[in-house]
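Structure, as structure tokens:
A short reminder: the numbers here are calculations on the coordinates, not readings from a lab. Keep in mind that what you see is a predicted model, and the values were worked out from it rather than measured. As a convention, Cβ positions derive from the backbone with ideal geometry for all residues, glycine included, and neighbour counts pool all protein chains shown.
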Amino acid sequence: QVQLVESGGGLVQAGGSLSVSCAASGIIFSTTPMGWYRQAPGKQRELVARITSDGSTNYADSVKGRFTISRNNAKNTVYLQMNSLKPEDTAVYYCNVVVVTSAGEHPYNHWGQGTQVTVSS
């Protein structure tokens, strides 16, 4: 069974930095694409960054140049370093498996508890 445990969120002032982590189990982590998603109050969950098994990365336009996703396959952990944070980055952040199909990509149908990131103005 897939288990995802996010940690590292908190409260930070605008312009500050924060790093969140996600420990995964129940998957062959080293060959699995992973993503960081976020959900702000009243909004749909969105993908902000993804990383393939070989380390290739993609970012949502809203975070490009400010966020960095990385992974440590030896620790089954994926990270998100967030710099130059803005109030609009406030959300619950989740990691998940990125399921790749012929029809496109979507998150695995199981979520961890997420970690709250709050950016004050």
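Miscellaneous remarks
- Per-residue 3J(HN,Hα) values for the stretch 75-82, derived from phi via the Karplus relation 6.51 cos²θ - 1.76 cosθ + 1.60 with θ = phi - 60°, read 10, 6, 10, 10, 10, 9, 8, 10 Hz in sequence order (x marks Gly and Pro).
- Semi-axis lengths, Å, the stretch 1-46, gyration tensor of Cα atoms, sqrt of 5 times eigenvalues: 25, 14, 10
- Contact order relative to length of the chain, as percent, for alpha carbon pairs under 8 angstrom and 6 or more apart: 34
- Placed amide H near LYS86: partners under 5 Å, 5+ positions off or other chain: GLY15
- Mean Cβ count within 10 Å, highest first, over the residues of peptides 99-105, 11-17: 11-17, 99-105
- Here the chain carries DSSP beta bridges of which approximately 90% are antiparallel, counting only pairs with both residues inside.
- Inter-probe distance in nm under a simple model that places probes 7 Å from Cα toward Cβ, at GLN1 and SER53: 2.5
- Calculated SAXS-style log₁₀ I(q)/I(0) at q = 0.13, 0.22 Å⁻¹ - the stretch 63-121, Debye, Cα scatterers: -0.45, -1.08
- Of all lysines in the structure, those lying under 28 Å Cα to Cα from LYS43, and not within fewer than 8 positions of it along the same chain, are LYS64, LYS86.
- The ASN83 and GLN39 beta-carbon pair, evaluated with R₀ = 25 Å, returns a calculated FRET efficiency of approximately 0.75.
- Kirkwood Rh, Cα atoms: Rg over Rh of the stretch 10-121: 0.95
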